Amino acid sequence: MIADKYLGKLQQIGFKTLSRFARVGRGSLFLWQIMTGLLYVIQRPKLLIRQLYYVGVQTLLIILVAGLFIGMVLALQSYIVLVDFGAEDSLSLMVSLSVLRELGPVFTGLLFAGRAGSALTAEIGLMKSTEQLSGMEMMAVNPMKYIIAPRFLAGVIAVPLLTSIFMAIAILGGYFVATEMLGIYEGVYWSQMQANVDFYADLMNGMIKSLVFGFVVVWIAVFEGYDCVPTSEGLGQATTRTVVHGSLAVLGLDFILTALMFNV
Amino acid sequence: MNTRNIEILVGGFVVLAVIAMVMLSLKVSNLVSYGDENDVYEIQAQFENIGGLKERSPVSAGGVRVGKISAISYNNKEFTAVVTLQIESRYQFPVDTSASILTAGLLGEQYIGLEPGGDEEYLVEGGEIDITQSAMILEQIIGQFIYSKSQEE
């Protein structure tokens with residue numbers, strides 16, 4: 001029957017839509033459960049510090065290297081354009097504003113999703129696949145409080161810290177290229193920056209962005225791990241989804257936040 | 001890895017982040033330190049047109065930066081722009097100093113240049129600069145030029 005075939009298609013669409021919504025619902029409930037577990041984590045800082053080591057300290061190296069090179073490349077590229085207008089003195093402004101407003105938060109969010117987010121998903125997913133999470137529940141240990149909440153809080157704390165390090169190292173990288181390679185005077189580099197960069201409008205907005213990105217990326221990462229299909233294939237897919245959805249969320253939110261903050 | 005080493009590394013990480021944050025606030029965005037704030041005095045100047053002047057734009061005398069613009073408002077009685085200049089206390093200027101709005105380079109940012117006069121009295125907190133010169137508006141100059149050309153013909 002032809003009608004049956006079309007009804008089948010319609011059913012498929014309906015099923016997919018409903019399962020998407022169900023996932024969003026599960027994600028929100030999951031976030032709520034994490035929030036109720038945060039008090040538990042604050043009372044046991046050891047759990048938090050261990051996770052800060054895994055998501056923060058271990059991500060530090062890639063953040064330092066990426067920040068340094070982005071700052072240096074930005075200085076080189078901006079110089080090529082600015083020198084045509086005789087405006088190479090504004091190089092530091094170009095570097096610092098791009099880094100503080102956009103590149104710092106966005107790159108840190110993307111790198112964090114790739115480096116720490118995927119690791120979080122894989123770890124929690126494997127715990128689920130090997131039934132460690134169920135085992136904990138059997139022993140009356142709430143995995144939400146003991147496993148998920150410390151990882152979530154550590155991620156939310158680590159991302160703004162990593163962002164500030166990224167920003168500082170990128171500006172230092174730009175400084176190195178500008179003064180050593182391009183022959184811009186040291187005083188010009190700093191004074192142009194200091195005269196035009198605003199603490200609240202530029203630096204604080206960048207930090208607010210990084211806080212939002214950190215929250216969303218870590219939420220996606222722990223949820224994908226907790227919600228994964230407990231097979232080796234499902235685990236792989238969940239890890240991929242963390243990186244893809246996390247990065248897309250960062251980029252999409254960045255547009256919205258920029259439009260709100262800098263009233264374009 | 002034992003707990004102690006992990007704690008040391010996390011401590012180092014947090015300290016590094018704090019150093020980065022302090023550097024960003026002080027060295028990059030020049031968040032005013034309280035010491036400097038007391039070392040300034042404010043004077044006002046009225047301009048017919050301030051062009052693209054903004055708050056935090058520099059004030060310079062003889063090319064040296066001596067202060068910044070702390071506020072810009074509009075006087076609705078005399079229809080002039082009122083600019084408040086924040087000048088560092090170690091720089092003193094005579095009361096007949098003139099202020100003009102200049103542009104750094106052809107398309108650069110605008111700033112206020114002070115030209116000291118010869119009076120023996122000095123400007124103090126709350127003082128006012130009487131002799132001012134407005135910003136050069138490129139469109140007006142071009143307009144005048146075209147107008148004078150068409151008059152000639």
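Assorted remarks:
- Any hit, region B:104-114, residues being in contact with a Gly (Cβ under 9 Å, 6 or more places away or on another chain), more than 14 Å from every other protein chain (Cβ to nearest Cβ) and not aromatic (Phe, Trp, Tyr): yes
- Among residues of region A:81-99, those that are assigned to a helix (DSSP H, G or I), of a type in the set (A, V, I, L, M, F, W, C) and over 28 Å from the mean Cα position of the chain (by Cα), counted: 4
- Any chance B:Arg90 is out of contact with any Pro (no Cβ under 6 Å at 6 or more places or on another chain) and away from chain A (no Cβ under 12 Å): yes
- Selection within region A:218-236 - buried (at least 16 other Cβ atoms within 10 Å of the Cβ) and either without any contact (Cβ under 8 Å) to a residue 40 or more places away in the chain or assigned to a helix (DSSP H, G or I) (or both): A:Val218, A:Trp219, A:Ile220, A:Ala221, A:Val222, A:Phe223, A:Glu224, A:Gly225, A:Tyr226, A:Leu235
- Top-ranked residue in region A:21-54 [being touching a residue at least 40 places away in the same chain (Cβ under 8 Å) and in contact with a Leu (Cβ under 7 Å, 6 or more places away or on another chain); ranked as surrounded by the most Cβ atoms within 10 Å (Cβ to Cβ)]: A:Val41
- Residue selection: B:Asp96 satisfies the criterion of being more than 14 Å from chain A (Cβ to nearest Cβ), surrounded by 14 or more Cβ atoms within 10 Å (Cβ to Cβ) and out of contact with any Phe, Trp or Tyr (no Cβ under 6 Å at 6 or more places or on another chain).
- The numbered conditions (1) free of Cβ contacts under 8 Å to residues at least 12 places away in the same chain; (2) crowded, with 18+ Cβ neighbours inside 10 Å; (3) among the acidic types (Asp, Glu) are all true for A:Glu88 except (1).
- Meets criteria (in contact (Cβ under 8 Å) with a residue 60 or more places away in the chain and among the β-branched types (Val, Ile, Thr)) for A:Ile62: no
- Test: residue in region B:30-40 that is farther than 24 Å from A:Val188 by Cβ, within 14 Å of chain A (Cβ to nearest Cβ) and crowded, with 19+ Cβ neighbours inside 10 Å: no
- Contact map, region B:111-138: residues that are closer than 20 Å to B:Lys54 by Cα and modelled with pLDDT under 85 paired with residues that are assigned to a loop (DSSP other than H, G, I, E, B) and not basic (Lys, Arg), Cβ distance under 7 Å, separation 6+ or inter-chain. Pairs shown: B:Ser134/B:Glu48; B:Ser134/B:Asn49; B:Ala135/B:Asn49; B:Ala135/B:Ile50; B:Ala135/B:Gly51; B:Ala135/B:Leu53; B:Ile137/B:Asn49; B:Ile137/B:Gly51.
- Answer from A:Arg101, A:Arg44, A:Arg23 - the residue that is of a type in the set (D, E, K, R), more than 26 Å from A:Asp202 (Cβ to Cβ) and within 14 Å of chain B (Cβ to nearest Cβ): A:Arg44
- Check on A:Ser78, surrounded by fewer than 21 Cβ atoms within 10 Å (Cβ to Cβ), among the polar types (S, T, N, Q) and in a helix (DSSP H, G or I): no
- Restricting attention to region A:120-172, the residues that are more than 14 Å from every other protein chain (Cβ to nearest Cβ), buried (at least 24 other Cβ atoms within 10 Å of the Cβ) and either in contact with a strand residue (DSSP E or B) (Cβ under 9 Å, 6 or more places away or on another chain) or hydroxyl-bearing (Ser, Thr, Tyr) (or both) add up to 1.
- Residue in region B:39-57 that is at positive phi, in contact with a Pro (Cβ under 9 Å, 6 or more places away or on another chain), at pLDDT 80 or above and not in a strand (DSSP E or B) present: no
- Test result for A:Val73, surrounded by 20 or more Cβ atoms within 10 Å (Cβ to Cβ) and not in a loop (DSSP other than H, G, I, E, B): no
The values are calculated or read from the model by the stated rules, or taken from the named source; none is laboratory data. No experiment lies behind these values; they were computed from the predicted model shown. Reconstructed Cβ throughout: ideal geometry from the backbone, glycine too, with neighbour counts over all protein chains shown.
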